[in-house]
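We did not get these values from a lab; they are worked out from the coordinates using the rules stated. Bear in mind that the values here come from a model prediction, so they are computed numbers and not experimental data. Using ideal geometry, Cβ is built from the backbone for each residue, glycine included, and neighbour counts are taken over all protein chains shown.
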Amino acid sequence: MAFCSSPQLQKFLLNKIYCNYDCNRTTKRKIVVKGGEKRRFCCSAIAIDAPSSLASVGEIKWGSVKLKGAREEMEDDVVIIQSDGVDGFVYAAVFDGHAGFTSVKFLREELYKECVAALQGGKLLKGKDFKVIRKSLEEAFENADAKLIKCLEANGEEDESGSTATAVFVQDNMLFISHVGDSCVALSRSGKTEVLTNSHRPYGSKKASLEEIRRIREAGGWIVDGRICGDISVSRAFGDIRFKTKKNEMVEKGLQEGRWSEKFASRIQFNGDLVTACPDVFQIALGSDTEFILLASDGLWDYVKSSDAVNFIRNHLKQHGDIQMASEALAQLALNQRSQDNISIIIADLGRTDWQNLPTQKQNIAYELGQALATISVVSLGIWISTFLS
């Protein structure tokens, strides 16, 4: 799908985007942070106020956007950190919160610190021992979760917030992903889409989903309509103490609310946490054919297919070459697809593609025609059946 080429029309179409461009700051450690609590509602002036693209690191250019969408509260956040302390790697993360913003706020500040400490200031990323890197990132996520749980329990009030987190460390030729939840990372290799992560959700027939279901049941939990204990639809997340340190209290509360019977409650025996912050960790080589990396929350992926998102970004960059505008346009596309969730997007253009001189991919006319004919056939059949029955 090509985006409209008129800048004035783009500014009009990209109105009502919820973002945070006023949060860039530089410290003595030369850390540039994209993200934060400050948020403002950008109207039609967004394309004027926004930088053409976030600060580049070498050849890499970054774009990001947060969109409140149809939700009453904004519980997503995005962070991009450039630091000499990570040995040339850039850290970027998307957080998708639920039941409040407390967990997201904590992770935005603390998860990066835990990762840097576990990775020995980033030195381990330069090494070639992936087992050591994976163990370090798992340790960082679990340490951050343990600290968050203490924070939630110390609040003194009932705070059941939680958050998914998908974090990446990017350098010119290497990408490391540490992933918990249902956000997703994809990339484009010469226009071909590669999805790099699996959603941690306890439903469906995919291998990752079946593994989550088995783990939850072995821990003493149960699944109702794709939700753990009929409550939460994501099986790996930070926080969510009712499924970790407060499981028995959760059962008692459900009993009081009439969600289950005393007989059912008496049979429950927990053997572990129902929700875990243990991440999937991946290492991906970024060859010369890698064009860009796309990291986004499920507010995008539940409404826009990964291949459509990649093609949309490529077409936008071929027209304008601006990664920030491409991020905003993709968020607007999710809204146009009637996304009912918060939408957070980070895109890293690796700077290897001459977008203006990139040939436009030809559309598969036969495929599009086949899809159209199939739709017409189904509609016609429905009309015939309705007429016959009447």
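Net charge around residue 207, counting only other residues with Cβ within less than 14 Å of its Cβ (Lys, Arg = +1; Asp, Glu = -1)? Cβ neighbours under 14 Å give a net charge of +1. Under a cut-off of 15 Å between alpha-carbon atoms, report the aspartates and glutamates in cross-link reach of residue 246, not counting same-chain residues fewer than 8 places apart. Residue 246 reaches 145, 153, 157, 158, 159, 160, 231, 273.
Fewest-first ordering of 236, 215 by other beta carbons within 10 Å of each residue's beta carbon gives 215, 236. For segment 282-290, backbone phi angles converted through the Karplus equation (6.51, -1.76, 1.60; θ = phi - 60°) give residue-by-residue couplings of 10, 10, 10, 6, 9, x, 5, 8, 7 Hz, Gly and Pro being listed as x. The ranking of 138, 262, 252, 328 by Cβ neighbour count inside 10 Å, starting from the fewest, reads 262, 252, 138, 328. Write down Rg/Rh for segment 126-267, rounded to two decimals, with Rg from the C-alpha atoms and Rh from the Kirkwood relation over Cα pairs. Value, to two decimals: 1.04. Taking θ as phi - 60° and the Karplus parameters 6.51, -1.76 and 1.60, the scalar couplings of segment 201-212 work out to 10, x, 7, x, 10, 5, 4, 4, 5, 5, 5, 5 Hz in sequence order, x denoting glycine and proline. Other residues lying with their Cβ under 12 Å from the Cβ of residue 61 contribute a combined charge of -3, Lys and Arg counting +1, Asp and Glu -1.
Each residue of segment 214-221 is assigned a 3J(HN,Hα), and the resulting list reads 4, 4, 5, 5, 5, 7, x, x Hz, derived from the Karplus form 6.51 cos²θ - 1.76 cosθ + 1.60 (θ = phi - 60°), x at Gly and Pro. Put in order of Cβ neighbour count within 10 Å, fewest first, the listed residues 250, 74 become 74, 250. Each Lys or Arg adds one and each Asp or Glu takes one away; over the other residues whose Cβ falls under 12 Å from the Cβ of residue 124, this sums to +3.
Residue-normalised convex hull volume from the C-alpha trace of segment 167-211: 88 Å³ per residue. Here segment 253-328 has an Rg and Dmax of 22.4, 63 Å, counting Cα atoms alone. Among the listed pairs 113/192; 147/207; 150/263; 66/126; 61/192, those with a Cα-Cα distance over 23 Å are 113/192; 147/207; 150/263; 66/126.
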